[in-house]
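Asker: Before anything else, here's the structure in question.
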Amino acid sequence: MINMDIDSYFNKIQEEFNTAYAVASDARSKGYDPKPYVEIRPAPDLASRVEGLINVEGLADIIRAVEKGQSRNKLAFDVAKEICTNDRFSNYEELKRIELAVRVGVAVLTEGILVAPTEGINSFAKYKNRDGTDYLCVCYAGPIRGAGGTSAALSVALADHCRRIFNISDYKPTEDEIERYMEEIELYHDRIARLQYKPPEQDIREILRNCPVCIDGMPPGTLEVGVHANMKRT
(Lines give C-alpha, C1' and ligand atoms only; values in the text may rest on other atoms or scores of the structure.)
Protein backbone atom coordinates (compact mmCIF):
# COMPACT_ATOMS: atom_id res chain seq x y z
CA MET A 1 0.00 0.00 0.00
CA ILE A 2 2.83 2.38 0.87
CA ASN A 3 4.59 1.64 -2.42
CA MET A 4 1.39 2.35 -4.33
CA ASP A 5 1.05 5.68 -2.55
CA ILE A 6 4.64 6.59 -3.40
CA ASP A 7 4.09 5.63 -7.03
CA SER A 8 0.96 7.77 -7.16
CA TYR A 9 2.88 10.65 -5.60
CA PHE A 10 5.64 10.56 -8.21
CA ASN A 11 3.17 10.04 -11.03
CA LYS A 12 1.32 13.15 -9.87
CA ILE A 13 4.57 15.13 -9.89
CA GLN A 14 5.33 13.92 -13.42
CA GLU A 15 1.85 14.83 -14.65
CA GLU A 16 2.05 18.32 -13.14
CA PHE A 17 5.52 18.78 -14.62
CA ASN A 18 4.31 17.76 -18.07
CA THR A 19 1.45 20.26 -17.82
CA ALA A 20 3.75 23.08 -16.72
CA TYR A 21 6.30 22.25 -19.42
CA ALA A 22 3.59 22.27 -22.09
CA VAL A 23 2.40 25.70 -20.91
CA ALA A 24 5.98 27.02 -20.94
CA SER A 25 6.63 25.60 -24.42
CA ASP A 26 3.43 27.17 -25.74
CA ALA A 27 4.39 30.54 -24.24
CA ARG A 28 7.88 30.37 -25.74
CA SER A 29 6.50 29.50 -29.17
CA LYS A 30 4.81 32.93 -29.35
CA GLY A 31 8.22 34.54 -29.92
CA TYR A 32 8.33 37.05 -27.06
CA ASP A 33 11.47 35.53 -25.52
CA PRO A 34 15.07 35.29 -26.78
CA LYS A 35 14.55 31.60 -27.61
CA PRO A 36 11.31 30.14 -29.04
CA TYR A 37 11.67 27.02 -26.91
CA VAL A 38 12.35 26.05 -23.29
CA GLU A 39 16.15 25.80 -23.02
CA ILE A 40 16.20 23.25 -20.20
CA ARG A 41 15.17 19.88 -21.55
CA PRO A 42 13.60 17.22 -19.34
CA ALA A 43 16.17 14.68 -18.15
CA PRO A 44 14.53 11.76 -16.34
CA ASP A 45 17.73 9.75 -15.79
CA LEU A 46 21.53 9.96 -15.66
CA ALA A 47 21.95 9.18 -19.36
CA SER A 48 19.63 12.03 -20.35
CA ARG A 49 21.33 14.46 -17.97
CA VAL A 50 24.77 13.66 -19.36
CA GLU A 51 23.59 14.02 -22.96
CA GLY A 52 21.99 17.37 -22.13
CA LEU A 53 25.12 18.60 -20.36
CA ILE A 54 27.64 17.51 -23.00
CA ASN A 55 25.21 18.32 -25.84
CA VAL A 56 26.10 15.42 -28.14
CA GLU A 57 23.12 13.57 -29.57
CA GLY A 58 23.07 9.83 -28.99
CA LEU A 59 25.12 9.79 -25.78
CA ALA A 60 22.12 8.76 -23.69
CA ASP A 61 21.60 5.61 -25.77
CA ILE A 62 25.28 4.66 -25.43
CA ILE A 63 25.23 5.15 -21.66
CA ARG A 64 22.05 3.11 -21.25
CA ALA A 65 23.49 0.32 -23.41
CA VAL A 66 26.54 -0.16 -21.17
CA GLU A 67 25.00 0.81 -17.81
CA LYS A 68 23.54 -2.56 -16.70
CA GLY A 69 23.42 -1.64 -13.01
CA GLN A 70 27.14 -0.93 -12.77
CA SER A 71 28.73 1.39 -10.24
CA ARG A 72 29.27 4.97 -11.40
CA ASN A 73 33.06 4.48 -11.48
CA LYS A 74 32.89 1.37 -13.67
CA LEU A 75 30.28 2.97 -15.90
CA ALA A 76 32.44 6.08 -16.43
CA PHE A 77 35.36 4.00 -17.70
CA ASP A 78 33.19 1.71 -19.83
CA VAL A 79 31.44 4.66 -21.48
CA ALA A 80 34.80 6.35 -22.12
CA LYS A 81 36.08 3.17 -23.79
CA GLU A 82 32.90 2.89 -25.86
CA ILE A 83 33.35 6.45 -27.16
CA CYS A 84 36.99 5.75 -28.04
CA THR A 85 36.17 2.55 -29.93
CA ASN A 86 32.61 2.96 -31.27
CA ASP A 87 32.39 3.61 -35.03
CA ARG A 88 29.72 6.21 -34.27
CA PHE A 89 32.53 8.63 -33.37
CA SER A 90 34.99 7.60 -36.10
CA ASN A 91 34.66 11.02 -37.74
CA TYR A 92 36.09 12.66 -34.60
CA GLU A 93 39.81 13.44 -34.58
CA GLU A 94 41.82 11.50 -32.00
CA LEU A 95 42.09 14.34 -29.46
CA LYS A 96 38.43 15.30 -29.88
CA ARG A 97 37.45 11.71 -29.24
CA ILE A 98 39.58 11.54 -26.09
CA GLU A 99 38.18 14.89 -24.94
CA LEU A 100 34.59 13.73 -25.41
CA ALA A 101 35.29 10.43 -23.65
CA VAL A 102 36.86 12.10 -20.60
CA ARG A 103 34.20 14.80 -20.32
CA VAL A 104 31.43 12.21 -20.54
CA GLY A 105 33.20 10.02 -17.98
CA VAL A 106 33.47 12.92 -15.53
CA ALA A 107 29.82 13.81 -16.19
CA VAL A 108 28.83 10.25 -15.26
CA LEU A 109 30.94 10.45 -12.08
CA THR A 110 29.25 13.72 -11.09
CA GLU A 111 25.71 12.54 -11.96
CA GLY A 112 25.36 15.00 -14.84
CA ILE A 113 24.49 17.89 -12.52
CA LEU A 114 27.78 19.85 -12.31
CA VAL A 115 29.66 22.08 -14.76
CA ALA A 116 32.98 20.42 -13.88
CA PRO A 117 32.97 18.19 -17.01
CA THR A 118 32.44 21.16 -19.35
CA GLU A 119 34.00 24.13 -17.54
CA GLY A 120 36.51 22.38 -15.28
CA ILE A 121 38.50 20.83 -18.12
CA ASN A 122 39.81 23.52 -20.42
CA SER A 123 41.53 21.60 -23.21
CA PHE A 124 43.41 18.53 -24.36
CA ALA A 125 46.68 18.52 -26.30
CA LYS A 126 49.32 16.13 -27.57
CA TYR A 127 52.99 17.04 -27.25
CA LYS A 128 56.38 15.39 -27.69
CA ASN A 129 58.61 13.85 -25.06
CA ARG A 130 62.35 14.36 -25.42
CA ASP A 131 62.66 10.87 -26.89
CA GLY A 132 60.25 11.82 -29.70
CA THR A 133 57.20 9.93 -28.40
CA ASP A 134 53.81 11.61 -28.00
CA TYR A 135 52.13 12.24 -24.66
CA LEU A 136 48.71 13.51 -23.61
CA CYS A 137 48.28 16.78 -21.73
CA VAL A 138 45.07 17.78 -19.92
CA CYS A 139 44.59 21.44 -19.02
CA TYR A 140 42.23 22.01 -16.08
CA ALA A 141 40.37 25.10 -14.87
CA GLY A 142 38.92 26.25 -11.53
CA PRO A 143 35.46 24.62 -11.80
CA ILE A 144 37.04 21.14 -11.67
CA ARG A 145 37.12 21.66 -7.89
CA GLY A 146 33.34 21.32 -7.87
CA ALA A 147 33.71 17.68 -8.91
CA GLY A 148 35.40 16.83 -5.62
CA GLY A 149 38.79 15.26 -5.10
CA THR A 150 37.84 11.72 -6.11
CA SER A 151 36.17 12.61 -9.41
CA ALA A 152 38.90 15.13 -10.26
CA ALA A 153 41.56 12.47 -9.70
CA LEU A 154 39.55 9.91 -11.67
CA SER A 155 39.45 12.35 -14.60
CA VAL A 156 43.23 11.87 -14.88
CA ALA A 157 42.73 8.10 -14.77
CA LEU A 158 40.08 8.43 -17.50
CA ALA A 159 42.54 10.39 -19.65
CA ASP A 160 45.13 7.66 -19.08
CA HIS A 161 42.53 5.01 -19.98
CA CYS A 162 41.79 6.77 -23.27
CA ARG A 163 45.38 7.51 -24.29
CA ARG A 164 46.21 3.80 -23.86
CA ILE A 165 43.43 2.91 -26.32
CA PHE A 166 45.07 5.20 -28.90
CA ASN A 167 48.61 4.01 -28.06
CA ILE A 168 49.81 7.43 -26.90
CA SER A 169 52.97 7.14 -24.83
CA ASP A 170 53.43 8.11 -21.17
CA TYR A 171 54.35 11.64 -20.17
CA LYS A 172 58.05 11.69 -19.26
CA PRO A 173 58.75 14.82 -17.20
CA THR A 174 62.23 16.26 -16.90
CA GLU A 175 63.70 17.00 -13.48
CA ASP A 176 63.28 20.74 -14.15
CA GLU A 177 59.58 20.20 -14.87
CA ILE A 178 59.16 18.24 -11.66
CA GLU A 179 60.78 21.09 -9.73
CA ARG A 180 58.45 23.54 -11.47
CA TYR A 181 55.46 21.56 -10.21
CA MET A 182 56.94 21.53 -6.71
CA GLU A 183 57.44 25.29 -6.76
CA GLU A 184 53.90 25.93 -8.00
CA ILE A 185 52.36 23.67 -5.37
CA GLU A 186 54.25 25.47 -2.60
CA LEU A 187 53.28 28.88 -3.97
CA TYR A 188 49.63 27.89 -4.23
CA HIS A 189 49.62 26.45 -0.71
CA ASP A 190 51.41 29.44 0.86
CA ARG A 191 50.07 32.41 -1.10
CA ILE A 192 46.73 31.54 -2.73
CA ALA A 193 44.75 28.89 -0.83
CA ARG A 194 45.74 26.49 1.91
CA LEU A 195 45.39 22.93 0.72
CA GLN A 196 43.17 20.76 2.89
CA TYR A 197 45.84 18.09 2.63
CA LYS A 198 49.32 18.59 1.18
CA PRO A 199 51.19 15.32 0.67
CA PRO A 200 54.85 15.08 1.66
CA GLU A 201 57.31 16.27 -1.00
CA GLN A 202 58.57 12.75 -1.55
CA ASP A 203 55.05 11.53 -2.38
CA ILE A 204 54.41 14.44 -4.76
CA ARG A 205 57.66 13.76 -6.62
CA GLU A 206 56.79 10.07 -6.87
CA ILE A 207 53.39 10.92 -8.36
CA LEU A 208 54.90 13.39 -10.84
CA ARG A 209 57.52 10.92 -12.03
CA ASN A 210 54.94 8.19 -12.59
CA CYS A 211 51.80 10.02 -13.74
CA PRO A 212 51.34 8.92 -17.38
CA VAL A 213 49.36 12.05 -18.29
CA CYS A 214 50.66 15.63 -18.10
CA ILE A 215 48.49 17.64 -15.69
CA ASP A 216 48.40 21.30 -16.66
CA GLY A 217 46.01 24.09 -15.80
CA MET A 218 44.87 27.67 -16.12
CA PRO A 219 46.63 30.06 -13.68
CA PRO A 220 44.62 30.59 -10.47
CA GLY A 221 46.27 33.96 -9.82
CA THR A 222 48.92 36.43 -10.98
CA LEU A 223 51.84 35.06 -8.95
CA GLU A 224 54.91 34.09 -10.94
CA VAL A 225 57.36 31.35 -10.12
CA GLY A 226 60.73 32.61 -8.98
CA VAL A 227 63.08 29.89 -10.21
CA HIS A 228 61.63 27.48 -12.77
CA ALA A 229 60.15 29.97 -15.23
CA ASN A 230 59.99 30.11 -19.05
CA MET A 231 59.68 26.37 -19.52
CA LYS A 232 58.53 25.20 -22.94
CA ARG A 233 56.24 22.37 -21.86
CA THR A 234 54.73 23.78 -18.65
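The values are calculated or read from the model by the stated rules, or taken from the named source; none is laboratory data. In this text the structure is predicted, and so the values were computed from the model without any measurement. A quick note on method: Cβ atoms are made from the backbone with ideal geometry, for glycine too, and the neighbour counts reach across all protein chains shown.
Asker: Scan 40, 54, 63 and give me the residue that is β-branched (Val, Ile, Thr), modelled with pLDDT under 90 and within 30 Å of residue 20 (Cβ to Cβ). Step through it out loud before you land on a result.
Answerer: Numbers: 54 fails: modelled with pLDDT under 90; 63 fails: modelled with pLDDT under 90.
On inspection, the qualifying residue turns out to be 40.
Asker: I would also like to ask the following. Is it the case that some residue within the stretch 149-163 is at pLDDT below 95 and either among the charged types (D, E, K, R) or in contact with a His (Cβ under 7 Å, 6 or more places away or on another chain) (or both)?
Answerer: no
Asker: Just for helices (runs of 4 or more DSSP H) wholly inside the stretch 127-234: which have at least 3 residues that are surrounded by fewer than 16 Cβ atoms within 10 Å (Cβ to Cβ) and within 21 Å of the chain's Cα centre (by Cα)?
Answerer: 148-165
Asker: Please specify each residue of the stretch 1-59 satisfying the condition of being among the hydroxyl-bearing types (Ser, Thr, Tyr), assigned to a loop (DSSP other than H, G, I, E, B) and either in contact (Cβ under 8 Å) with a residue 24 or more places away in the chain or in contact with a helix residue (DSSP H, G or I) (Cβ under 6 Å, 6 or more places away or on another chain) (or both).
Answerer: The one that is among the hydroxyl-bearing types (Ser, Thr, Tyr), assigned to a loop (DSSP other than H, G, I, E, B) and either in contact (Cβ under 8 Å) with a residue 24 or more places away in the chain or in contact with a helix residue (DSSP H, G or I) (Cβ under 6 Å, 6 or more places away or on another chain) (or both): 37.
Asker: If you don't mind, there's one more thing I want to ask. If you take the residues of the stretch 60-79 that are assigned to a helix (DSSP H, G or I) and without any contact (Cβ under 8 Å) to a residue 24 or more places away in the chain, which of them is farthest from residue 121 (Cα to Cα)?
Answerer: Restricting attention to the stretch 60-79, the residues satisfying the condition of being assigned to a helix (DSSP H, G or I) are 60-67, 72-79.
Right, trim to without any contact (Cβ under 8 Å) to a residue 24 or more places away in the chain and you get 60-61, 64-67, 74, 78.
Numbers: 60: 21, 61: 24, 64: 24, 65: 26, 66: 24, 67: 24, 74: 21, 78: 20 Å.
This residue is 65.
Asker: While we're here: For residue 192, are the conditions met, namely being at pLDDT below 95, under 18 Å from residue 228 (Cα atoms) and aliphatic (A, V, I, L, M)?
Answerer: So residue 192 does not fit the description; no.
Asker: State the number of residues belonging to the stretch 164-180 that are in contact with a Phe, Trp or Tyr (Cβ under 9 Å, 6 or more places away or on another chain) and of a type outside the set (D, E, K, R).
Answerer: The total comes to 4.
Asker: Scanning for something within 28 Å of the chain's Cα centre (by Cα), within 30 Å of residue 166 (Cβ to Cβ) and either among the hydrophobic types (A, V, I, L, M, F, W, C) or buried (at least 18 other Cβ atoms within 10 Å of the Cβ) (or both), does the stretch 26-47 turn up at least one residue?
Answerer: Yes - at least one qualifying residue is present in the stretch 26-47.
Asker: So, one more: Does residue 166 qualify as being among the hydrophobic types (A, V, I, L, M, F, W, C), under 25 Å from residue 89 (Cα atoms) and touching a strand residue (DSSP E or B) at 6+ places or on another chain (Cβ under 8 Å)?
Answerer: The answer is no for residue 166.
Asker: A follow-up question, please. Those residues that are more than 28 Å from residue 98 (Cα to Cα) and in contact with a Leu (Cβ under 7 Å, 6 or more places away or on another chain), I need them from the stretch 154-191; list them, please.
Answerer: Answer for the stretch 154-191, where residues must be more than 28 Å from residue 98 (Cα to Cα) and in contact with a Leu (Cβ under 7 Å, 6 or more places away or on another chain): 187, 189, 191.
Asker: Next question, about the same structure. Scan (1) buried (at least 20 other Cβ atoms within 10 Å of the Cβ); (2) out of contact with any Ser or Thr (no Cβ under 6 Å at 6 or more places or on another chain); (3) modelled with pLDDT of 95 or more for the single condition residue 110 breaks and write down its number.
Answerer: Here residue 110 meets the rest and fails (2).
Asker: Next question, about the same structure. Given the criterion over 18 Å from the mean Cα position of the chain (by Cα), of a type in the set (A, V, I, L, M) and closer than 30 Å to residue 116 by Cα, identify the matching residue among 66, 56.
Answerer: Unique residue meeting the criteria: 66.
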